[in-house]
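What follows is a set of notes on a single structure, which appears directly below.
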Amino acid sequence: MSETLGHWVHGAAWDGTSTRTAPVYNPALGTVQKQVRLASTADVDAAVTATAAAWPAWRDASIAKRTTVLFAFRELLNARKEELAAILTAEHGKVLSDALGEIARGLEVVDVACGVGHLLKGTYSENASTDVDVYTLRQPVGVVGVISPFNFPAMVPMWFFPIALAAGNAVVLKPSEKDPTASIWLAELLREAGLPDGVFTVVNGDKEAVDALLVHPDIRSVSFVGSTPIAQYIYTTAAGAGKRVQALGGAKNHMLVLPDADLDLAADAAVNAGFGSAGERCMAVSVVLAVESIADELVAKITERMATLRTGDGTRGCDMGPLITREHRDKVAGYLDIAASDGADVVVDGRGVEVDGAADGFWLGPTLIDRVPLESAVYRDEIFGPVLSVVRVPGYEEGVGIINASVYGNGTAIFTNDGGAARRFQREVEVGMVGINVPIPVPVAYHSFGGWKASLFGDAKAYGPAGFAFFTREKAVTSRWLDPSHGGLNLGFPQNA
Ligand code: NAD
């Protein structure tokens, strides 16, 4: 019998009452490693109730106490990151070096959360009216829900929970059922770091668990990351139930290469950002917009580099691992047939890749499709796999026009040596995160992460200053300490004097 992973409630593993489970694969082997429990509505209710009971004591813990726990968590995670990386590689498939990169980007957010004392300072206006002071406080929201996707099982939860905890909230995390072990591992580490029992809860599950969280009366906010249709559903449902919501959705990221760009740099960037993590990144470059005069040369340089990539088991020093499930692998591979029937040129076909790994792994090699028509599903859909499309454009204007017409607006990049063109691009492009000669412009943790349009529902980005604002409520206090006189009765609207 394989292991069955449960939930994490009140500082301990908990099985709940639901008997429904889902398989968790090792995608490089193509075999089921364990089962994960799928919580029922009643399980979610019990888990949230336990978290709500633990919250007041954590809310009232001093900033010094909360920071001490986060700092200890940071040190433990840094010391044991290889252990977590091995879990990520075993369940997601990404290569070990990429798994360590994911953890490093999560640790950055923990670093910022350790500075919560500075970030939660309020404001103070002395004598706003005669003998009256006005000041603002930032207080925690309460029990906050986080629902995360499969592609960053450690980093995406860490975009939210360090800041939420630092600000004095309690957290209920519902990770992806496809790779749930990292969340339980992180929960154990938080306990070891001194987080009081009950303040961090993990509920494993699928739609039933998510739906229960979205409307639970004790859940005050929902932070979601996943595909666009689900993000839109989460936003509508949770906002309709009166919650604060930030729902980050899917993406189709364009990289515009102008004729004056360093084409070697651009080709390196396209390959790294197109095929890293097998293209299963919301900030992956999926479309290269190549200005026609340099398009042949750029495609040749990209093709040359792709020939050097090794696809295989993430534990063997390969460049690129498998896709998350067999179904997803087949769906992504299906776009090669669509490309051919839509008249695009399949330059590199990843279906024939030679793999350094088990025969049953969910493999698809790096794939390059040139001259992709804008009407093709290959261009329109978020494929979320190692498929890089090239669209040839006459010049800058047409390139920006295509990017701005996209329903998505997560990330984009321009490659050029012309500062004026780059400056114009950063101003004109309708996308939330922009790279200039940088392909995956994920902002550092003291800025905030989030896209525009169908890549983010709600108005709050993740982490950085936006994260602290999302996980706190501002309270304005108007205060007067009476000296022996007092004002007498006046039913008019208060006016300052
Ligand atoms: P997904 O939308 O299938 O799942 C995300 C979460 O929602 C999971 O926890 C899942 O259990 C839950 N879920 C799935 N179907 C649901 C339903 N019908 N009702 C309620 N909950 C449901 O996404 P995924 O496949 O895990 O992740 C890949 C997607 O996430 C891609 O679209 C990618 O672009 C996106 N993503 C976006 C960002 C970003 O910052 N914008 C970051 C990472 C991933």
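Please state the shape class of the chain: rounded when a/c is under 1.5, otherwise prolate if a/b exceeds b/c and oblate if not, all from the C-alpha gyration tensor. Walk me through the numbers before you get to the answer.
Numbers: a/c = 2.23, a/b = 1.41, b/c = 1.58.
It comes out oblate by the Cα gyration axes.
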Euclidean distance of C-alpha centroids, the range 362-415 and the range 96-126, integer Å: 33
Determine ³J(HN,Hα), in whole Hz, for all residues of the range 78-94 in sequence, where each value follows from phi through the Karplus function 6.51 cos²θ - 1.76 cosθ + 1.60 and θ = phi - 60°; x replaces Gly and Pro. 4, 6, 10, 5, 5, 4, 5, 4, 5, 5, 4, 5, 5, 9, 8, x, 4
To test your reading of the geometry: what angle, between 0 and 90 degrees and rounded to tens, separates the Cα axis of helix 263-275 from the longest principal axis of the chain? 70
For the pair Arg310/Ala241, report the inter-label distance in nm, with labels modelled 7 Å from Cα in the Cβ direction. 4.8
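Using Stokes-Einstein with the Kirkwood hydrodynamic radius over Cα pairs, what translational diffusion coefficient do you get for the range 253-436 at 25 °C and a viscosity of 0.890 mPa s, in µm²/s rounded to a whole number?
Working: Rh = 16.4 Å.
D = 149 µm²/s.
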Among chymotrypsin sites (Phe, Trp or Tyr not before Pro) in the range 343-449, those in a DSSP loop whose Cβ has at most 14 other Cβ atoms within 10 Å are Tyr446
Label-point gap, in nm, between Glu126 and Ile338 - each point 7 angstrom along Cα→Cβ: 6.4
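Please report the antiparallel percentage of the DSSP beta bridges confined to the chain, to the nearest 5.
Just about 40 percent of them are antiparallel.
Quick one: length gained pulling Asp262 to Val407 fully straight, 0.36 nm per residue minus the C-alpha distance?
On the way: separation 145, 0.36 × 145 = 52.20 nm, distance 2.91 nm.
Extending this stretch completely gives an extra 49.3 nm.
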How much length, in nm to one decimal, is gained on full extension between Asp345 and Asp459, taken as 0.36 nm per residue of separation minus their Cα-Cα distance? 37.1 nm
According to a simple spin-label model (label point 7 Å from Cα along Cα-to-Cβ), what is the distance in nm between Gln426 and Ser479? 4.1
Karplus-derived 3J(HN,Hα), 6.51/-1.76/1.60, for each residue of the range 377-386, Hz, glycine and proline x: 4, 4, 7, 6, 7, 7, 7, 6, x, x
Here the relative contact order (percent) of the chain, from C-alpha pairs under 8 Å and at least 6 apart, is 18
One finds, for Ala497 and Glu354 with R0 = 56 angstrom and r their Cβ-Cβ distance, a FRET efficiency to the nearest 0.05 of 0.10
Under a straight-distance cross-link criterion of Cα-Cα below 29 Å, which lysines are reachable from Lys461, leaving out those fewer than 8 residues away in the same chain? Lys65, Lys81, Lys94, Lys121, Lys174, Lys178, Lys207, Lys243, Lys252, Lys453, Lys475
In order through the range 427-442: 3J(HN,Hα) via Karplus (6.51 cos²θ - 1.76 cosθ + 1.60), integer Hz, x for Gly, Pro: 7, 8, 7, 9, 9, x, 9, 10, x, 10, 6, 9, x, 10, x, 6
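Which percentage, to the nearest 5, of the DSSP beta bridges contained in the range 253-436 is antiparallel? Don't skip to the answer; put the middle values down first.
Details: 3 of 27 bridges.
Beta bridges within the range 253-436, antiparallel portion: roughly 10 percent.
Bear in mind that the values in this text are calculations on the coordinates, not laboratory data. Keep in mind it's a predicted model, so treat the numbers as computed, not measured. A quick note on method: Cβ atoms are made from the backbone with ideal geometry, for glycine too, and the neighbour counts reach across all protein chains shown.
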